[in-house]
Amino acid sequence: MVSSDQAAGADVEATALRDALCASLSLEDLGRQVRLCGWVARRREHGEHLAFVDLRDHSGIIQCVIDGSVDVRSEYVLQVTGTVRRRPEGTVNEKLTTGEIELGDCQVEVLAAAEPPPFSLDDRAEVDEQIRLRHRFLDLRRPRLQRNLRVRASVNRAIRSAMDAQGFVEVETPILWAPTPEGAREFAVPSRLHHGSFYVLPQSPQLAKQVLMVGGVDRYYQIARCMRDEDLRADRQFEFTQLDLEASFVTQEDILRFVSEAVVEAAEAATGVRPGAIPTMTWHEAIDRFGSDKPDLRVEIELSDLSALFEGSAVRAFAAPVVKALRLPGGATTTRSQLDAWTERAKAQGAGGLAWFRVVDAEGGGLGLDSPLDRFLSDEERAGILAESGAEAGDLVVCVADEWRLASEVLGELRAQLLSPPVGEGAMRYVWVVDFPMFDGTDAEGNPAAAHHPFTMPHLEDLELLETDPASVRSQAYDLVLNGWELGSGSVRIHRGDIQRRVFRALGISDEDADERFGFLLGAFRYGAPPHAGFAFGIDRLVAILVGEENIREVIAFPKTQSGTDLMTGAPSPIAPRALAELGLRPLPTTS
Ligand code: ASP
């Protein structure tokens with residue numbers, strides 16, 4: 001990691017109260033008298049008259065030798081004035097960057113006393129997350145969070161300078177706003193001046209940035225807060241931060257280039273390693289080879305296609321449009337109950353089931369299959385399963401026979417779950433996934449649902465399928481994926497009224513609905529909309545992966561819990577009846 005402190009240099013850190021940072025001192029400073037400020041990380045008594053105090057600031061720790069009679073305890077805030085000296089022979093601490101030195105002859109001034117902290121601030125201590133979040137002000141002092149927030153700041157800095165260098169203009173868009181088209185549940189804010197009316201917190205600046213394009217801004221970006229009232233998960237919070245961008249007179253290629261540049265710069269700023277060019281694959285290829293539209297390319301194993309092998313087979317379970325297989329190295333020891341659980345999961349996803357074959361050494365030499373289905377297989381099919389999947393003794397081959405997408409995705413989920421290494425391990429494998437389908441599944445009314453959002457431009461050569469075969473229309477939408485995580489999405493937008501109307505119709509959105517929800521954008525489009533396209537990617541996720549954190553809460557200063565509460569402030573909390581009345585609201589009588 002390149003620390004911002006190293007980049008900034010020690011002089012920048014000097015203030016009226018301190019001359020340097022704790023961990024900025026080294027053998028080069030021997031004999032120098034310095035004033036340091038920080039918290040007491042640890043105190044140890046040393047003989048009758050002396051004590052060792054580990055003084056901590058955000059840069060790290062230095063040992064200070066103080067008079068044993070001075071009353072300083074854990075987390076007291078101190079100003080220590082002393083002289084840098086070499087530690088006595090045999091007392092060097094290899095684990096500390098300042099392990100060869102200490103501060104001697106110390107004068108201590110207590111700047112603030114502290115109650116004993118409710119948990120250890122040592123990074124190695126396992127602390128319950130609820131306790132950490134309740135006392136986030138203490139948790140933030142831990143080296144891990146200090147590092148994560150600083151990496152995050154350097155990622156933001158790198159993104160801003162990459163966007164600036166590419167001619168983008170940073171524009172802030174409203175937080176009190178109107179519905180946006182991402183389709184998640186929205187947060188609403190009651191209006192005091194217009195009782196019964198609400199602002200909506202934006203799920204993204206989507207409509208605002210498209211209006212900016214009509215307004216001639218040409219290239220917009222923003223490190224934007226987005227709010228979605230969705231169930232929280234390890235990679236999802238109510239409010240999250242995106243690099244949001246939009247540009248005019250561009251194609252998909254241009255956007256991929258702009259975003260790639262920002263991501264590569266951000267990754268280099270965080271890790272010191274510059275990723276190479278980001279490859280592109282179509283959505284179809286991603287599903288076919290990896291069973292996922294966010295493939296983890298760190299895993300080399302791909303799905304194999306046994307459809308040709310089983311065409312016209314006597315095995316009834318394999319009479320389906322496609323038969324796909326996944327090899328799980330060393331998977332032959334998988335227990336029966338585990339296999340049953342996978343089968344149940346496959347059924348819940350809509351597949352008929354799951355077939356499995358343990359690969360074993362055959363009696364007469366070579367490889368054989370151990371499976372309830374084995375006795376139905378022809379020799380050719382048996383040999384084909386082994387050859388196509390590349391399996392070796394001790395592996396497990398799992399097969400799903402069904403429609404192409406379903407069979408691939410059932411196996412893709414197993415591939416991700418069983419073969420993906422933890423977040424911080426292995427290389428950083430970025431990939432652009434392009435040519436998504438225009439529609440994905442159906443909404444509550446049975447209309448096709450937009451795979452991205454309703455302003456996404458279809459592939460022009462697929463336009464005539466909009467009315468006849470919407471499921472096969474491809475869109476000019478693209479995702480950026482890193483190590484199996486979707487970092488973000490974007491699309492070329494529809495800037496022509498006639499195409500927009502056809503897409504709305506395909507989505508079951510009537511002209512009146514469209515006017516009510518997006519009237520101002522459609523109105524703006526009538527005055528000359530440039531062809532435009534954009535993208536947004538999640539900065540929380542990117543930073544989490546770059547620092548090797550599984551949960552985005554670790555890279556957010558004040559995150560909410562899984563149930564959406566802020567344990568430090570107690571939000572959300574009731575507000576006073578008077579404040580409610582001012583907003584024109586009345587609580588419903590409780591019904592229990
Ligand atoms: N607004 C979209 C999103 O947040 C991204 C985009 O299309 O630019 O997912």
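Can you give the FRET efficiency to the nearest 0.05 for Glu464 and Arg526, using r as the Cβ-Cβ distance and R₀ = 25 Å? Please report the intermediate quantities before stating the final value.
On the way: r = 25 Å, r/R0 = 1.00.
Efficiency, rounded to the nearest 0.05: 0.50.
Between Asp71 and Arg42, with labels modelled 7 Å along Cα→Cβ, what's the label distance in nm to one decimal, could you check?
Spacing of the two 7 Å Cα→Cβ label points: 2.5 nm.
What ranking do 526-538, 405-417 get when scored by the average of other Cβ atoms within 10 Å per residue, highest first? Show your work: numbers first, answer last.
Numbers: 526-538: 19.8, 405-417: 21.5.
Per-residue mean Cβ counts within 10 Å order the peptides as 405-417, 526-538.
Can you give me the relative contact order of the chain as a percent, contacts being Cα pairs under 8 Å and 6 or more apart? Please report the intermediate quantities before stating the final value.
Values: 1152 pairs, mean separation 78.6, N = 592.
Worked out over the chain, it gives 13 percent.
What does the highest-first list of 55-64, 388-397 look like by mean Cβ count within 10 Å? Don't skip to the end; give the middle numbers.
Details: 55-64: 23.7, 388-397: 18.7.
Answer by packing, highest mean first, reads 55-64, 388-397.
If you take the charge dipole of the chain about its Cα centre, with +1 on Lys and Arg Cβ and -1 on Asp and Glu Cβ, which of Gly167, Ala571, Phe187 is farthest toward its positive end?
Ala571
Of Cys226, Gln63, Leu78, which is farthest along the charge dipole of the chain in the positive direction, counting Lys and Arg as +1 and Asp and Glu as -1 at C-beta?
Leu78
Take Arg257 and Gln338, extend 7 Å from each Cα along the Cα→Cβ direction, and tell me the distance between the two endpoints in nm.
4.8 nm
Over the Cα atoms of the chain, compute the convex hull volume and normalise it per residue, giving Å³. Don't jump to the answer; show the numbers that get you there.
Working: hull volume 143.8 nm³, N = 592.
Once divided by residue count, the hull of the chain is 243 Å³.
Arranged by the count of other C-beta atoms within 10 angstrom, fewest first, what order do Val503, Val72 take?
Working: Val503 26, Val72 21.
The order, fewest Cβ neighbours first, is Val72, Val503.
Dipole of the range 361-475 (Lys/Arg Cβ +1, Asp/Glu Cβ -1, origin at the Cα centre): which of Trp404, Ala393, Val434 lies farthest to the positive side?
Among Trp404, Ala393, Val434, the one farthest towards the positive end of the dipole of the range 361-475 is Val434.
Over the range 379-480, what relative contact order in percent results from Cα pairs under 8 Å that are six or more residues apart? It would help to have the intermediate numbers written out before the result.
Working: 91 pairs, mean separation 23.6, N = 102.
Computed over the range 379-480, the figure is 23 percent.
At what distance in nm do the modelled label points of Glu311 and Val189 sit from each other, each positioned 7 Å from its Cα along Cα→Cβ?
Inter-label distance under the simple model: 6.1 nm.
Where does the Debye-calculated log10 I(q)/I(0) of the range 441-522 sit at q = 0.27 Å⁻¹, using only Cα point scatterers of equal weight, no solvent?
Normalising to I(0) and taking log10 leaves -1.40.
If contacts are Cα pairs under 8 angstrom and at least 6 residues apart, what is the relative contact order of the range 81-140 in percent?
Details: 42 pairs, mean separation 15.9, N = 60.
Averaging sequence separation for qualifying contacts and normalising by length gives 26 percent for the range 81-140.
Magnitude of the Cβ-charge dipole of the range 1-128, K/R +1 and D/E -1, about the Cα centre, nearest 20 debye?
The calculated dipole for the range 1-128 is roughly 180 debye.
Mind checking the dipole of the chain: about its Cα centre, +1 per Lys or Arg Cβ, -1 per Asp or Glu Cβ, Debye to the nearest 20? Mind dumping the intermediate values first?
Working: 62 positive and 92 negative charges, 326 e Å.
Computed charge dipole of the chain: roughly 1560 debye.
Please report His135, His452 as a ranked list, fewest other C-beta atoms within 10 angstrom at the top and most at the bottom. The partial results should precede the final answer.
Values: His135 18, His452 23.
Ordered from fewest to most neighbouring Cβ atoms within 10 Å, His135, His452 come out as His135, His452.
Rounded to the nearest 20 debye, what is the charge dipole size of the range 431-504 about its Cα centre when +1 sits on each Lys and Arg Cβ and -1 on each Asp and Glu Cβ? Don't skip to the answer; put the middle values down first.
Details: 5 positive and 12 negative charges, 61 e Å.
For this selection, approximately 300 debye.
Can you give the extra length, in nm with one decimal, that the chain gains between Glu268 and Arg225 once fully stretched, where that is 0.36 nm per residue apart less the Cα-Cα distance? All intermediate terms of the calculation are to be shown ahead of the outcome.
Values: separation 43, 0.36 × 43 = 15.48 nm, distance 2.35 nm.
Extending this stretch completely gives an extra 13.1 nm.
Lysines within cross-link reach of Lys294: Cα-Cα under 19 Å, excluding same-chain residues under 8 positions apart?
Straight-distance partners of Lys294: Lys324.
Rank the residues Lys95, Lys347, Lys560 as a footprinting-exposure proxy: fewest other Cβ atoms within 10 Å of their Cβ go first.
On the way: Lys95 6, Lys347 13, Lys560 18.
The fewest-first ordering by Cβ neighbours comes to Lys95, Lys347, Lys560.
Provide the FRET efficiency to the nearest 0.05 for the Glu425-Glu363 pair, computing r from the beta carbons and using R0 = 45 Å.
On the way: r = 39 Å, r/R0 = 0.87.
Given R0 = 45 Å and the Cβ-Cβ separation, E is 0.70.
Every number here is computed from the coordinates shown, using simple stated rules; none is lab data. Computed from a predicted model, the values in this text were never measured in an experiment. Here Cβ is always computed from backbone atoms with ideal geometry, including for glycine, and neighbour counts include all displayed protein chains.
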